[in-house]
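Inspection log for the structure reproduced underneath, given as structure tokens.
The values are calculated or read from the model by the stated rules, or taken from the named source; none is laboratory data. Since we're looking at a predicted model, the values are computed, not measured. Virtual Cβ from ideal backbone geometry, glycine too; neighbours counted across all protein chains shown.
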Amino acid sequence: MFDISAVNKRYFTIKIENITLEVEPPKVKALKEIVALAKSKGEDVMDNYARAVEMILNKNKSNYKVPETLIDELDFDQLNEIVTAYFGWLGEQRNSKN
């Protein structure tokens, strides 16, 4: 019998200012929403990127709720780098044999 609870969780560690978070991998529904937000175009792109980063950061091991003001302080390049690094990490984890 395969016991899914025996699967080791992996975490994406990120530091923003003086906060260090161990972000958990997303569930399928959340991943679909994050991808849709990250691929958005037009006037709402900043708001959508901020929402994607908020979703990513708030799913962390310590259940820390990242203040909206912290996310609002990030510029587009920082938001983009967080999303890019997170998806890079997800890709590495998916391709990892462990």
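Scan the stretch 52-67 for residues that are over 12 Å from I82 (Cα atoms) and part of a helix (DSSP H, G or I) and jot them down.
N58
Could you list, in sequence order, the residues of the stretch 1-18 that are of a type in the set (A, V, I, L, M) and within 13 Å of W89 (Cβ to Cβ)? Give the derivation first.
Of all residues in the stretch 1-18, those of a type in the set (A, V, I, L, M) come to 1, 4, 6-7, 14, 16.
Within the stretch 1-18, just I14 meets the criteria.
With the requirement that a residue be of a type in the set (D, E) and either in a strand (DSSP E or B) or surrounded by 11 or more Cβ atoms within 10 Å (Cβ to Cβ) (or both), what does the stretch 7-30 give you?
Of the residues in the stretch 7-30, the ones of a type in the set (D, E) are 17, 22, 24.
The answer is E22, E24.
Could you tell me whether the stretch 85-95 includes any residue that is under 13 Å from the mean Cα position of the chain (by Cα), assigned to a loop (DSSP other than H, G, I, E, B) and within 19 Å of Y49 (Cα to Cα)? Give the steps one after another, and end with the answer.
At the first step, the residues of the stretch 85-95 found to be under 13 Å from the mean Cα position of the chain (by Cα) are 85-91.
Adding the requirement that they be assigned to a loop (DSSP other than H, G, I, E, B) leaves none.
The answer is no; no qualifying residue exists.
Residues of the stretch 36-63 being more than 17 Å from D77 (Cα to Cα) and of a type in the set (A, V, I, L, M), which ones? Step through it out loud before you land on a result.
Of the residues in the stretch 36-63, the ones more than 17 Å from D77 (Cα to Cα) are 36, 55, 58-63.
Of everything in the stretch 36-63, those that are more than 17 Å from D77 (Cα to Cα) and of a type in the set (A, V, I, L, M) turn out to be A36, M55.
Scanning for something at positive phi and either surrounded by 11 or more Cβ atoms within 10 Å (Cβ to Cβ) or modelled with pLDDT of 95 or more (or both), does the stretch 52-64 turn up at least one residue?
Keep residues of the stretch 52-64 that are at positive phi, which gives 63.
Checking the rest, the ones that are also either surrounded by 11 or more Cβ atoms within 10 Å (Cβ to Cβ) or modelled with pLDDT of 95 or more (or both) come to 63.
Looking through the stretch 52-64, at least one residue is at positive phi and either surrounded by 11 or more Cβ atoms within 10 Å (Cβ to Cβ) or modelled with pLDDT of 95 or more (or both).
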### Query
Inside the stretch 47-64, can you point out the residues that are touching a helix residue (DSSP H, G or I) at 6+ places or on another chain (Cβ under 6 Å) and not hydroxyl-bearing (S, T, Y)?
N48, A50, R51, A52, V53, E54, M55, I56
